[in-house]
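All remarks here apply to the structure that follows.
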Amino acid sequence: MGLVLSYLRSFLPGAFPRFARRSYTLELITVICFSATLGIVEGGVISNIAKRRFEKVVEEESLNFYVALLFAAPDLANILSFFWSGLSHGRPKIPLINALQFSVIVLIALMALTPVSGLGLFGMVAIVILARVCWSGIITLRPTVWRSNYPAIMRATAVGNFQTMQYIMAGIVGVVVGSVLNVHPEHFWLLVLCVASVGFGAFFATRRQRVRRETRMLRAELDSAPVMKPWQGPLVVWRVLHKDRMWARFMLWMFVLGLGNMLMGPTLAIVLRDQFQLGYLRSILITSSITALVMPLSIPMWARYLDRSHVVQFRAKQTWMFVFSACVACAGVLFHRVELLYLTAVLQGISYGGGTLAWNLGHVDFAPPTHTSQYMASHVTLNGIRGLLAPFVAVGLYNGAFMAGFSVLGLDVTTTAAALVLAVSAVMCAIGAAGFGRLLTRMGDRATLAKARSA
């Protein structure tokens, strides 16, 4: 009990300077409320909802594609990160964040109106993608507010608390949504409206938020070099990759690893229904909630390792966890052992705990101080491209193997088709992990020196 109370006290604003306490309290309220609203459109939640809600009205091949697209929606939305940077340049950030929050709330509420039909599925997918695009704008703008409102020595603590609470809320919402729909699937519309309404707590908390020295910050933005236009984003990505070949190689292996890992989610959402016949709750637990709840527990362990390692050295070891989780998932499907899929969710939570740290901080070990945003933008954009490709690869492999009657060891076609995709996922993740190891060997002492310079 003492450990629990100590953990809960770490979220209280008392340790922050007086000027930051109000901002921190409002931000924590925002994260709790808005994470509850966003929880229903998390890939592992909404894809399982779509798979079950529309299974009798949409052809299986088409439904599987939409399931994969829903899983990839968060990554797909990242392609527009350049747009939000340009739109917010020299403008107050809080009103724009508030407008984006309101848009997300309204869009999610509109899901309650989607009928159980092919058109309803299309509408749901469009709504989820638009909501994730608006959320990507909030993600792009929040760091500017955090930088102004929290001192450097406590900024990481604040942001770490926000991320931890976001994962916890996502896990809780997944359990609540799955439990309700297991008993009353016909009340989907009411559940959506309830979840959306919680977001207004975040909306009103953010309206009370203030940005310290905002006038000075906006003047500095306007006096700086003109921000790049959205359509210039791909050109900037190319320039960064062409100029820094080591970063380009790092991005290559990130692309291979990320694409392979993104094949797992939609495949599990499909097979948990087609092969295991699981309901809403158990499916959401495996594809979303367990992973989200394990992530905050694993982050401190990975943080200590990343603090003393270059990101390439970190990735060369951490990414083998993704390989292991894909192998366990493949075995669970082949041998029809659902307990192995629960273990997969735990392993994914451990893997993503390290992945989220490397995602937010890894580019610092490569980028010169004046080009940090460009390096991060190239990372985010390439992640968006992965999100665009992943649904076609995952469902193309699954539907192709299913239609071809692919079977090994006399197993069911559904089983072997899913196992094939998961095996491809494991192989691609292994290639990516091995690529990081090779890159680390190639960099040698330069990795240590680069880490020292970025400290």
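Among residues other than V328 with Cβ under 15 Å from its Cβ, the summed charge is 0 (Lys and Arg +1, Asp and Glu -1). Listed peptides 134-142, 109-117 appear in the order 134-142, 109-117 once ranked by packing, highest mean of other Cβ atoms within 10 Å at the front.
Based on C-alpha pairs under 8 angstrom that are at least 6 apart in sequence, the stretch 9-225 has a relative contact order of 39 percent.
Overall, the chain carries a charge dipole of about 1960 debye about its Cα centre when +1 sits on the Cβ of Lys and Arg and -1 on the Cβ of Asp and Glu, all other atoms neutral.
Sort D412, D75, D244, D223 by Cβ crowding within 10 Å, fewest neighbours at the top. Walk me through the numbers on the way to the answer.
Values: D412 12, D75 23, D244 18, D223 8.
Lowest count first: D223, D412, D244, D75.
Convex hull volume of the Cα atoms of the chain, normalised per residue: 144 Å³.
Can you order the peptides 301-310, 64-73, 358-367 by their average number of other Cβ atoms within 10 Å per residue, highest first?
Final packing ranking: 64-73, 358-367, 301-310.
If you average the sequence gap of Cα pairs under 8 Å that are 6 or more apart and divide by the length of the chain, what percent do you get for the contact order? Don't jump to the answer; show the numbers that get you there.
Working: 653 pairs, mean separation 112.3, N = 455.
Result for the chain is 25 percent.
Restricting the calculation to Cα atoms, every distinct pair contributes to the Kirkwood radius of the stretch 228-455, found to be 18.5 Å. Sorting 334-347, 167-180 by average packing, meaning the other beta carbons within 10 Å per residue, from highest down gives 167-180, 334-347.
Sequentially through the stretch 329-335, phi angles give Karplus couplings (6.51, -1.76, 1.60; θ = phi - 60°) of 4, 4, 5, x, 6, 4, 9 Hz, Gly and Pro residues having no value and appearing as x.
State, as an integer percentage, the relative contact order of the stretch 228-455 based on alpha-carbon contacts under 8 Å between residues 6 or more apart. Walk me through the intermediate numbers first.
Values: 280 pairs, mean separation 85.8, N = 228.
Contact order relative to length: 38 percent.
Computed from the coordinates by the stated procedures, all read-outs in this text should not be read as laboratory data. If you're wondering where the values come from, they're calculated on a predicted model, not measured in any experiment. Methodologically, a virtual Cβ is constructed for each residue, glycine included, from the backbone with ideal geometry; neighbour enumeration extends over all protein chains shown.
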